[in-house]
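Report on the structure given below.
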Amino acid sequence: MHDFKYTFGAEMDYKETLLLPTTTFAMRGNLINNEPKRYAAWDEKKVYHKMKHKRVGAESFTLHDGPPYANGHIHIGHALNKVLKDIIIKHNYFSGKSVRFTPGWDCHGLPIEQQVEKKLGGKKKKEQLETAEIRKLCREHAAKFVDIQRSEFKTLGIIADWEKPYVTMDYRFEANIFRTLCEVAKKGLLIERSKPVFWSWAERTALAEAEVEYEDKEDYSIFIAFELSDDAKAKLGIEGKAAPVIWTTTPWTIPANTGISLNPEEKYVLTTDGYIVAKELLNSLVESGVVSGTIAKEFDAREFENLIAVNPLNGRESRLVLGEHVLVDNGTGCVHTAPGHGEDDYRVGLVYDLEVVMPVDETGCYDESVVGLGLIPNAEDFVGRHIFKSNEDLIALMGDAVLKVDKFMHSYPHCWRSHTPLIYRATKQWFISVDGTPDGESKTLREIALSEVEKTKFIPETGRKRLTSMVENRPDWCISRQRDWGVPIAFFRVKATGEVLLDEKVLNFVAMIFEMQGSDAWYSMDIAQLLYPGSGYKPEELEKVTDILDVWFDSGSTWNSVLKSRNYDAGEYPADLYVEGSDQHRGWFQSSLFLSTAVQHKAPYKGVLTHGFTVDEKGEKMSKSKGNVIAPEKVLKEYGSEILRLWVASSDYQGDLKISQGILKQTAESYRKLRNTFRIMLANINDLESLTAVDQMGDLDKWILSEASRVLAEVHKQFSEYNFVNGMSTLNNFIVNELSGMYIDMTKDNLYCNAKESDRRRASQSAMAMITKTLLTLMAPILTYTADEIVENAPAIIKQDAEDIFDMTYEAITTIEAPFDAAYMVKAREGFGAVVDGLKKEKTIKSTLELIIYTESKTVLDMNTTDAEDWFVVSGIFEDKPEENIIGTFKVGEDMFSIAKATQHKCPRCWKYQSEAEESLCKRCEEVIGA
């Protein structure tokens with residue numbers, strides 16, 4: 001409300017007598033140039049080690065890092081994730097806890113193998129190399145990007161154990177991944193079986209649920225009649241034509257059909273034109289022209305059980321079975337069942353012992369079995385032909401049995417890397433049995449996992465429902481892959497029997513070799529070297545399992561390889577918190593949960609926090625084609641990492657986070673205001689050496705401390721609940737309104753014009769110092785660079801013997817009561833401000849110091865007179881109201897306030913209208929100068 005301005009003439013003489021604010025803390029951060037220097041200094045000082053040393057013996061806090069993929073540069077999503085983790089860790093550190101943060105990288109898997117393939121010039125070139133050579137190239141690629149990403153993360157001001165991160169391809173790490181697999185096997189949960197799994201024919205490997213993405217695909221919608229056998233018709237008392245009608249979108253699976261599933265609770269009808277469908281669906285099938293007859297006969301589904309129909313493509317038997325999975329909301333109620341090509345088909349096939357026919361090879365082409373088993377007429381024409389290129393010919397071969405053909409768009413599973421459509425394909429794979437019971441437990445793995453989810457804290461709470469639903473509905477976890485770059489499923493198989501050796505000494509021997517030489521040894525050493533000498537087997541009697549582990553097994557076992565092993569100083573198991581994007585309910589949160597519950601029978605985390613994804617200001621996904629991608633590197637070059645960090649803290653991470661040039665500009669402006677608030681407070685307390693006791697302070701000081709103690713405690717609580725967006729909003733409101741807008745403005749006269757050692761001045765400086773110190777450690781987790789710069793430039797009253805910000809700990813301001821009715825006084829100030837705005841517009845006044853207030857308000861009159869004047873920044877407050885010169889009024893409740901022009905003269909030093917004569921000093925200034 002009032003600014004000190006100086007003009008030439010007599011007034012200039014007094015400038016030297018004022019105690020103007022001064023500080024070495026610069027107004028402009030120059031973040032782009034200065035951040036890298038300070039971050040390098042932190043590195044040199046080994047700040048992370050210092051943080052560990054400072055909190056020896058304190059309560060611990062472990063955030064376990066979910067590993068990003070060591071492939072490519074970091075993007076804005078990586079930056080959001082790591083900055084959020086860093087803020088959480090530092091908040092716990094500045095709150096006095098002993099923290100650990102060991103960053104990690106996922107280094108195995110398909111994306112890296114693809115990059116190597118690309119560099120080599122394609123899949124064919126790669127296939128000419130030995131596995132060991134391919135793995136060496138993959139290892140080099142991953143190592144290069146671990147280094148690149150590590151230096152990129154450090155530029156964001158993230159403090160972690162960067163010297164000793166966990167890298168899943170480290171030899172000891174690979175050994176521990178394998179040991180986790182052996183533990184799962186020991187619990188009786190590891191099974192090998194032929195079962196349909198999502199198969200990427202483009203990548204020639206099985207995929208887990210988490211590696212599947214859904215995209216639109218055009219497919220056939222086809223209705224096919226399977227005529228009942230004569231024997232079946234006789235049993236049902238039917239003469240003439242009678243054919244169950246199936247509906248499918250995958251004509252290429254018809255060669256592998258071995259059954260038709262019906263819903264056991266439904267009624268089925270034979271139509272007058274000879275077709276059998278669910279009664280419930282007859283009308284819609286007539287309307288769409290699939291069948292045209294009316295009901296000739298009605299049956300219970302159970303009457304059809306185990307009867308035989310004939311596959312119109314190849315004349316093979318198709319058994320009618322009952323399955324709970326059959327729905328009657330679309331289709332025909334008769335479901336084409338090929339156990340080699342579908343999860344439900346496989347399950348119902350197990351019940352009825354249906355043959356599992358699998359005529360499709362790893363590349364998605366029909367193999368020789370279509371000839372050998374007579375699955376297709378002219379089968380030779382189809383061998384080596386891709387299944388998706390065979391649909392039209394298969395439809396034509398079925399002739400009149402095909403009742404209707406359409407094409408339609410639908411959401412279809414695709415490979416997450418190659419974006420090609422997937423198929424279900426029965427192959428021999430390794431699974432973790434989700435409904436198996438771990439040795440020593442009475443509950444199944446799924447039940448244990450669900451009960452652990454119940455005990456876990458979720459932020460936001462909606463995460464609990466998502467993870468519960470995923471755990472409830474997930475099938476057995478297929479953990480094997482048919483690729484080169486990963487941790488091998490390093491088991492020996494007895495050639496004669498096919499039995500897998502799970503002897504503990506044999507497995508331990510392999511793990512020990514991995515620990516010393518890495519899992520590449522599985523490929524470079526022969527069986528004789530890898531086999532435990534006392535195994536009782538000859539090397540020539542054995543063969544190696546050649547599959548590798550799903551990369552989700554690698555990251556899912558980090559709780560064991562990082563937290564439980566003694567290879568890292570990474571904190572405690574279970575971790576206090578896992579923090580990742582909301583897509584990890586189906587990924588890392590789930591894989592970690594299942595492996596931890598399988599081996600330890602408990603979750604690896606006490607809490608799970610999920611954040612959304614980064615989008616542009618319109619809420620659209622970022623893509624190069626749209627030109628809306630914001631790279632972290634660009635933000636650092638234009639604004640600095642502090643702005644990015646403040647954006648993370650100020651965004652609601654529970655939904656998608658919007659980022660754009662406009663949003664970053666707003667964030668930079670918020671940073672500027674915050675920085676300048678700290679700067680003015682540091683400048684105002686530059687000569688303070690000891691704190692005034694709160695009970696010795698004035699009313700305004702006690703008021704701001706009562707506000708600050710309440711607000712900053714609330715913000716600290718919100719930060720402790722990881723509710724940064726609301727905490728920042730609460731904090732910004734306090735800084736802009738009560739602190740900057742009111743208190744700093746109200747105390748200017750006191751701080752600049754009173755005597756240096758006046759009790760009143762020292763009291764206001766003390767209040768400001770107390771707020772600065774608490775605010776500094778509250779903001780340090782978010783704006784660590786700025787907080788450290790403040791400590792460097794702060795007077796001793798703030799930093800005491802602290803060398804840097806990491807020597808400080810958050811301390812709350814003691815709660816005190818406001819000495820007056822604060823809500824009333826704020827209303828009075830607002831009422832006064834509204835009148836003043838009008839007077840300034842009319843050019844009646846330039847400054848509020850030209851005014852005095854008359855009121856009979858007991859609240860105002862009970863205050864110290866000078867405090868009351870400073871609250872409104874006026875030159876006097878009086879009880880008796882004269883009749884003349886009233887230029888404005890306002891009310892608070894029933895109390896009237898009248899505003900008049902001051903009748904005394906302007907003091908040339910403090911500008912208050914409290915001098916007896918023109919150009920003479922007011923009484924207070926006379927005393928200060930005289931002293």
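The values are calculated or read from the model by the stated rules, or taken from the named source; none is laboratory data. Because the structure is predicted, anything quoted here is derived from the model rather than measured. Here Cβ is always computed from backbone atoms with ideal geometry, including for glycine, and neighbour counts include all displayed protein chains. The accessibility values were calculated without ligands, DNA or RNA, using every heavy atom of the protein model including side chains. Shrake-Rupley method; radii C 1.70, N 1.55, O 1.52, S 1.80 Å.
Can you tell me how many residues within the stretch 620-631 are over 17 Å from the mean Cα position of the chain (by Cα) and either over 26 Å from residue 781 (Cβ atoms) or open to solvent by less than 10 Å² (accessible area, probe 1.4 Å) (or both)?
Going through the stretch 620-631 one residue at a time, the tally reaches 8.
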message = Given the options 375, 350, name the one that is outside any helix (DSSP H, G or I), out of contact with any Asp or Glu (no Cβ under 9 Å at 6 or more places or on another chain), within 30 Å of residue 301 (Cα to Cα) and of a type in the set (A, V, I, L, M, F, W, C).
response = 375
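Within 21 Å of residue 923 (Cβ to Cβ), outside any helix (DSSP H, G or I) and either of a type outside the set (Ser, Thr, Tyr) or open to solvent by 30 Å² or more (accessible area, probe 1.4 Å) (or both) - does that describe any residue in the stretch 746-755?
Within the stretch 746-755, one or more residues are within 21 Å of residue 923 (Cβ to Cβ), outside any helix (DSSP H, G or I) and either of a type outside the set (Ser, Thr, Tyr) or open to solvent by 30 Å² or more (accessible area, probe 1.4 Å) (or both).
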Which listed residue, of 504, 515, 454, is surrounded by fewer than 21 Cβ atoms within 10 Å (Cβ to Cβ) and either within 25 Å of the chain's Cα centre (by Cα) or farther than 21 Å from residue 184 by Cα (or both) = 454
key: In the stretch 330-353, the residues that are farther than 15 Å from residue 254 by Cα, in contact with a helix residue (DSSP H, G or I) (Cβ under 9 Å, 6 or more places away or on another chain) and modelled with pLDDT of 90 or more   = 331, 332, 333
inquiry  = So residue 782 ticks every box in (1) open to solvent by less than 10 Å² (accessible area, probe 1.4 Å); (2) among the β-branched types (Val, Ile, Thr); (3) not in a loop (DSSP other than H, G, I, E, B) but one. Which box is left unticked?
reply    = (3)
Pick from the stretch 685-709, criterion within 14 Å of residue 751 (Cα to Cα) and of a type in the set (Asp, Glu), ranking: most open to solvent (accessible area, probe 1.4 Å) = 687
task = Run down 582, 555 and say which single residue is touching a strand residue (DSSP E or B) at 6+ places or on another chain (Cβ under 7 Å), within 25 Å of residue 78 (Cβ to Cβ) and open to solvent by 10 Å² or more (accessible area, probe 1.4 Å).
result = 582
message = With the requirement that a residue be crowded, with 22+ Cβ neighbours inside 10 Å, more than 28 Å from residue 458 (Cα to Cα) and of a type in the set (Ser, Thr, Tyr), what does the stretch 633-670 give you?
response = 641, 667
remark   = So, first residue under 25 Å from residue 201 (Cα atoms) in the stretch 386-407, second residue β-branched (Val, Ile, Thr) and surrounded by fewer than 17 Cβ atoms within 10 Å (Cβ to Cβ), Cβ within less than 8 Å, six or more apart or across chains; the pairs are 386/363; 395/405
query = So, in the stretch 227-258, of the ones that are of a type in the set (Gly, Ala, Ser) and touching a Lys or Arg at 6+ places or on another chain (Cβ under 9 Å), which residue ends up surrounded by the most Cβ atoms within 10 Å (Cβ to Cβ)?
reply = 242
message = I'm checking my understanding of the structure. Among residues of the stretch 879-927 that are touching a Leu at 6+ places or on another chain (Cβ under 9 Å) and hydrophobic (A, V, I, L, M, F, W, C), which one is farthest from residue 17 (Cα to Cα)?
response = 887
message = Please go through the stretch 859-869 and give me each residue that is charged (D, E, K, R) and more than 15 Å from residue 822 (Cβ to Cβ), ordered by number.
response = 869
query = Can residue 62 be described as part of a strand (DSSP E or B) and at negative phi?
reply = yes
request  = Among the residues of the stretch 870-899, write down those that are open to solvent by 10 Å² or more (accessible area, probe 1.4 Å) and free of Cβ contacts under 8 Å to residues at least 40 places away in the same chain.
outcome  = 877, 878, 879, 880, 881, 882, 883, 884, 885, 886, 894
inquiry  = For the stretch 710-728: of the residues being free of Cβ contacts under 8 Å to residues at least 12 places away in the same chain and in a helix (DSSP H, G or I), which is least open to solvent (accessible area, probe 1.4 Å)?
reply    = 726
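If you scan the stretch 792-839, which residues turn out to be of a type in the set (A, V, I, L, M, F, W, C) and part of a loop (DSSP other than H, G, I, E, B)?
So the first thing to find is which residues in the stretch 792-839 are of a type in the set (A, V, I, L, M, F, W, C), and the list is 794, 796-798, 802, 805-806, 808, 812-813, 816, 818, 820, 822-823, 825-826, 828, 832, 834-836, 839.
Those that are of a type in the set (A, V, I, L, M, F, W, C) and part of a loop (DSSP other than H, G, I, E, B): 794, 802, 808, 812, 813, 816, 818, 820.
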request  = Looking only at the stretch 42-55, decide whether some residue is touching a Lys or Arg at 6+ places or on another chain (Cβ under 9 Å), over 30 Å from residue 765 (Cα atoms) and open to solvent by 40 Å² or more (accessible area, probe 1.4 Å).
outcome  = yes
